[in-house]
């Protein structure tokens, strides 16, 4: 019986990761907004991905309900600055929210509490819905918690488990486990501590690859390759790790 459950889990993971996301995926490490616009370093790639989109769905599940209206207002302005129109699903009833997501020509998931976000994506059925939309060619961007759930599982989130989740399995858009808000080497003690925690995680999960993304940084995933688009990022494997170089595609990540 135990072996059967393991086989089912393996099949689910393979299904989630067997094919690369067809839509471009933008992974933002956090602190992405400066006021009501995206940081200057992030704007060119995001503009290329979202300009002209008229139905960008904003997923604000990671944000506390009291703060969602204000966050939507900021993001609407930020996407307008990119030449796109965006609207949140958070005020809609479940059927209308599903319809908006299914009609979306872009998806953005904002940061906040990763466990709350993943719990709601599971509860609403949007985990599979978003996965299907991106694989149909819809561009996806996620910041912090929104980047976390783009990976195979949430394993290196920095967040407290403030909500129960049925599984750590996430969207599987990119074949890595993601660590946002990764400190820079200039913050020596923080950098050393974070790198040590990720290496410890990989000792217990040696098949995983961990992508650490700094604040105001972004990594793109397109055609089966990761590329550092802005800021700083690191790729950790069991027994080795290195800093990514801007503009140099990293392949060989398919699992």
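What follows is calculated from the coordinates using simple rules that are stated; it is not laboratory data. Here the structure is a predicted model, which means the values were calculated and not measured. Every residue, glycine among them, receives a Cβ derived from its backbone with ideal geometry; neighbour counts consider all protein chains shown.
Restricting segment 240-255 to residues that are without any contact (Cβ under 8 Å) to a residue 40 or more places away in the chain and either in contact with a helix residue (DSSP H, G or I) (Cβ under 7 Å, 6 or more places away or on another chain) or assigned to a strand (DSSP E or B) (or both) leaves a set whose member that is farthest from residue 156 (Cα to Cα) is 246.
The number of residues in segment 121-157 that are closer than 28 Å to residue 207 by Cβ, assigned to a helix (DSSP H, G or I) and in contact (Cβ under 8 Å) with a residue 24 or more places away in the chain comes to 14.
Which residues, taken from segment 198-220, are part of a strand (DSSP E or B) and closer than 15 Å to residue 183 by Cβ? It would help to see each step written out before you state the result.
Restricting attention to segment 198-220, the residues satisfying the condition of being part of a strand (DSSP E or B) are 210-213, 218-220.
Within segment 198-220, 210, 211, 212, 213 meet the criteria.
Considering only residues of segment 60-77 that are buried (at least 18 other Cβ atoms within 10 Å of the Cβ) and touching a helix residue (DSSP H, G or I) at 6+ places or on another chain (Cβ under 9 Å), which is nearest to residue 50 (Cα to Cα)?
60
In this structure, does residue 220 turn out to be in contact (Cβ under 8 Å) with a residue 60 or more places away in the chain, within 15 Å of residue 24 (Cβ to Cβ) and touching a helix residue (DSSP H, G or I) at 6+ places or on another chain (Cβ under 7 Å)? So residue 220 passes the test. Here residue 162 meets the list (1) within 14 Å of the chain's Cα centre (by Cα); (2) part of a loop (DSSP other than H, G, I, E, B) almost entirely, failing just condition (1). Take the residues in segment 156-178 that are under 18 Å from residue 253 (Cβ atoms) and out of contact with any helix residue (DSSP H, G or I) (no Cβ under 6 Å at 6 or more places or on another chain), then tell me which one is surrounded by the fewest Cβ atoms within 10 Å (Cβ to Cβ). So the residue we want is 169. If you go through segment 183-195 and keep only what is part of a loop (DSSP other than H, G, I, E, B) and more than 16 Å from residue 158 (Cβ to Cβ), you end up with 185, 186.
Okay, residues lined up against (1) under 18 Å from residue 152 (Cα atoms); (2) more than 14 Å from the chain's Cα centre (by Cα); (3) crowded, with 20+ Cβ neighbours inside 10 Å:
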site	(1), (2), (3)
197	no, yes, no
203	yes, yes, no
224	yes, yes, no
232	no, yes, yes
238	yes, yes, no
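For segment 108-120, a tally of residues being in a strand (DSSP E or B) and touching a helix residue (DSSP H, G or I) at 6+ places or on another chain (Cβ under 6 Å) returns 1.
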